[in-house]
Each structure stands twice: as structure tokens, then as C-alpha cells.
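Bear in mind that the values in this text are calculations on the coordinates, not laboratory data. Because the structure is a prediction, the values reported are computed rather than measured. Cβ placement follows ideal geometry from the backbone for every residue including glycine, while neighbour counts extend to all protein chains displayed.
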Amino acid sequence: MFQNRWVTGLDQDTSAIWHRLEPAFRLASRFLTEDYCLLWFSHLTFGERTYRTSPSPGTWVQTTSYSVSAPAIAQVKVNLQELGEVITFMFSPRASTCEVYGVTYLHKSMMPWFKSYRPQDWPTTHEKYRSPRYRHARPSISMNADFQKYFKNNYSTSILAEQYRAWFSFAATIVHEIGHAYEFWLHNAQYGDEPFCSRYDKNAELGFSWETSVIGRITNPMNNLIHDGIKQLFSIKVEEYTTSSERERAFRILNIYTGAPYAPINPTAHGQRAWPLLGPGQFRGKEFFFANDGREDVKFVARIQAIPLEWVVNWFQEAEWSNRRRLWERESCHTTPPIGESFTIMYERYGSGAQVQRQLNLNIAADAHIYQQQWAQGSI
């Protein structure tokens with residue numbers, strides 16, 4: 001899939017940076033070949049599709065006994081192989097205004113820059129896929145130009161940690177988009193026709209569903225920057241609320257009450273009169289987290305956790321994959337690796353106000369003192 005389906009022509013330097021992208025492609029291939037990682041695709045393929053009316057109307061996918069079976073996984077591999085013979089990949093042209101990390105189109109002709117490329121710039125498709133049996137969509141994926149800019153211009157001067165984060169982010173993004181492309185290919189779907197992967201999803205967003213199911217979290221580079229090297233990756237989880245009881249539930253879901261204690265950060269200590277009022281649009285994954293991401297006055301709490309480099313590197317280690325495979329086989333299910341202890345803040349937006357709290361480290365004397373004060377005041 002990744003070797004022969006790349007567009008050439010305007011602003012396409014894939015062949016020149018291929019050797020730098022190879023670790024990312026190997027990880028993406030892992031995601032698309034490991035049996036337990038394919039359970040998400042099998043669920044999408046063979047799950048029972050049922051219409052629901054709330055919380056948002058639409059079709060959701062219910063797990064069936066067959067969708068977790070070995071024959072189902074085998075068929076998913078066939079489906080992905082066939083998709084890999086018709087899909088196309090490219091980097092968005094430098095002049096484009098694409099702001100997302102990747103985007104999937106039903107067909108290459110739907111790309112805004114389609115006419116900037118010659119017929120010979122597009123990979124060819126085997127004649128058999130023109131038969132009535134394969135009247136499917138022909139999805140095309142465009143990766144953000146900043147990925148190419150990094151691997152072409154800044155990779156050689158990056159430290160190894162930044163390279164690992166870039167490989168991981170590229171692999172996660174391209175398989176996120178393949179999740180969309182798979183639904184297009186399999187069901188000849190149209191935009192807006194994606195199903196909810198579970199009855200609890202707030203919006204039908206297959207890419208973020210894949211990320212949370214297989215990776216375990218939605219990741220975001222610091223300051224959303226890719227081209228200059230990813231200095232830090234963060235895990236972001238957000239919960240909406242409207243009532244005080246829903247707020248308490250949101251804190252429990254995000255493990256803020258049950259984990260280490262938190263303490264408010266004074267904005268004036270950071271040169272601000274008040275913390276900025278962030279809306280849903282400031283969070284990657286807003287489509288997955290918010291039932292109505294158009295509301296800027298929504299109340300929510302976000303848990304933002306720094307991802308340790310070890311967690312990123314482990315995705316590229318053969319020994320780690322062997323350990324995970326044994327765990328999945330022993331448990332007969334796919335589980336995602338925890339981040340462990342790392343720097344975490346909590347951002348809460350409540351109408352016209354906001355607060356930021358940081359996780360206390362009780363091994364530090366100053367933090368232990370803050371915790372003792374909270375305990376004495378009965379605030380914990």
C-alpha cells in the first residue's frame with residue numbers, strides 16, 4: 001500500500017524522503033497487520049449496524065460474535081490489501097490552506113488541487129477494479145505539507161527524540177485517514193455517512209475512534225507544530241458537562257479525582273489577568289469529544305498529559321510488540337498501553353471563566369506543603 005500509491009508531480013518529494021519515512025511506514029503497517037489491532041476494522045466491517053436516535057441520531061455499529069473471529073480478521077486483511085491497490089497518497093501542495101494533519105477524499109477528483117496534476121502523476125489502478133464487482137469509492141489521502149517539510153528540511157538536524165515523535169505522528173495520522181478510506185471503499189460511502197463506532201460516541205468520526213481504540217488516546221504536538229520538529233506530544237481527553245453532577249462524573253472519567261491531587265495555577269504568575277477562554281475548536285479531536293463543537297460557551301474539563309518519550313519509542317520496538325501480543329492473546333482482547341506518570345494539567349472552561357490546575361508531585365516539598373494546606377482547609 002505505502003510503496004506504490006504515491007502521487008508525483010507538484011510539491012511531491014516522497015521518493016527523496018522515503019528512507020526517512022520508513023520507520024513510520026513500518027509502524028503504520030503494524031497497525032494494519034497485527035490481528036488484535038485489526039479488531040477495530042473487523043468491528044466496522046462485520047458489526048451490526050443499528051439506527052439510534054440519541055445522543056445524536058445516526059447509525060452505530062454493534063459488536064457481533066463473528067466480528068471478533070479469526071475468519072473476520074482474515075477477510076479484513078483481504079479488504080485492506082484491495083484498498084491498498086486503489087488508494088492514493090500525497091502531500092498537500094505547499095500553497096494549500098490545509099490545516100488538519102490529514103484529510104481523506106472519496107476520489108482524487110474531489111481534491112481542490114486535482115487539476116494541478118497530470119494524469120501520469122497519479123498511480124495506476126489494475127483493470128480488475130473497474131469490473132462491476134468493485135464499484136467502490138477510490139479514496140485519496142492528502143497528508144499535511146508540514147510533514148514533508150519536516151522530513152525534507154529539518155529531519156537531519158533534529159534530535160532522535162523529535163524523529164521518533166514525527167514517525168509516530170505520521171504513522172498515526174495516515175492510519176487515522178485509512179480508517180475513513182476503508183469505510184468509503186467498503187460501503188461506497190458518502191461524506192457524512194460514517195457510522196458511530198459505539199452507541200456512546202458523540203459524533204461519527206472514524207479516525208479518532210481508531211486512535212482511541214488502538215492507540216488509546218488522541219495525541220497532539222506541542223503548539224500543533226510539525227515542520228520544525230515535535231518538541232513534545234500530549235495526550236488530550238475532554239469531557240463536557242452541564243450540571244454539577246455531570247462535572248463530578250467528568251472528573252472521575254478523566255481520573256482527576258482518583259489520581260494524584262491537583263492545585264490551581266494563578267494566571268497572574270504567568271503574566272495574565274485570567275486564563276484564556278478556549279472553545280472546542282482549540283482541541284484536536286473536538287469532533288470526537290464534543291456533542292456540538294460549534295458551541296463556544298460549552299462547559300468542559302480537559303486533561304492534558306505530556307507523553308513520555310519511552311511510550312512513543314516502545315511502538316517501534318519488536319520486543320515490546322511481542323510482549324503486547326502475548327498480553328492480548330492471554331486476555332483475548334486488545335488493550336492499549338498506559339502512559340504512566342507524567343506532567344499533567346487540567347483545563348476547565350465554565351461559561352465566562354476558566355481555570356488551570358496542575359498535578360502535584362508529593363515528592364517535592366513545595367507540592368507536599370500545598371497538599372497539606374488543601375487537606376487542612378478541607379478542599380480535598
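Odds and ends about this structure:
- Leading residue at positive end of dipole, the stretch 193-265 (Cβ point charges), from GLY207, MET222, PRO195: MET222
- Surface/4 of the Cα convex hull for the stretch 1-100, nm²: 9.0 nm²
- Local electrostatic count at ASN224 - Lys and Arg +1, Asp and Glu -1, tallied over other residues with Cβ under 10 Å: -1
- Relative contact order for the stretch 57-141: 41 percent, from Cα pairs under 8 Å spaced at least 6 residues apart, divided by residue count.
- Chymotrypsin sites (Phe, Trp or Tyr not before Pro) within the stretch 210-292, DSSP loop, no more than 15 other Cβ atoms inside 10 Å: TYR257
- Across the chain, the mean sequence separation of Cα contacts (distance under 8 Å, 6 or more residues apart), normalised by length, yields a relative contact order of 16 percent.
- Measure of compaction for the stretch 1-216 (Cα Rg per 2.2 N^0.38 Å): 1.03
- The stretch 130-206: trypsin sites (Lys or Arg not before Pro) falling in loop per DSSP and having at most 10 other Cβ within 10 Å: ARG135
- Electrostatic tally near ILE364: other residues with Cβ closer than 14 Å to its Cβ, Lys and Arg +1, Asp and Glu -1, net -1.
- Pairs of Lys residues in the chain are counted when their Cα atoms are under 27 angstrom apart and they lie 8 or more places apart or on different chains; the count is 19.
- Each other residue within a Cβ distance under 13 Å of SER116 adds +1 if Lys or Arg and -1 if Asp or Glu, for a net charge of +2.
- With Cα atoms as the point set, the radius of gyration and Dmax of the stretch 129-232 evaluate to 16.5, 51 Å.
- Look at THR53, THR8, THR33 and count the other Cβ atoms within 10 Å of each Cβ; fewest to most, that gives THR53, THR33, THR8.
- Whole-number D in µm² s⁻¹ for the chain, Kirkwood Cα-pair radius fed into Stokes-Einstein, 10 °C, 1.306 mPa s: 70 µm²/s
- Leading residue at positive end of dipole, the chain (Cβ point charges), from PRO337, SER116, PHE2: SER116
- Selected from ALA161, ALA204, ALA366 as most flexible by GNM, with the chain as the system and alpha-carbon contacts under 10 Å: ALA366
- Ranking of SER42, SER169 by count of other Cβ atoms within 10 Å, fewest first: SER169, SER42
- The stretch between THR268 and ALA368, if pulled fully straight at 0.36 nm per residue, gains 33.8 nm over its current Cα-Cα span.
- Entry note, the chain: the mean residue ellipticity at 222 nm calculated from DSSP H runs of n ≥ 4, each adding -39500 (n - 2.57), is -10000 deg cm²/dmol after division by the residues and rounding to the nearest 500.
- Loop-located trypsin sites (Lys or Arg not before Pro) in the stretch 81-127, at most 14 other Cβ atoms within 10 Å (DSSP): ARG94
- Put in line by how crowded their Cβ is, counting other Cβ atoms within 10 Å and starting with the fewest, SER69, SER322, SER213 read SER322, SER69, SER213.
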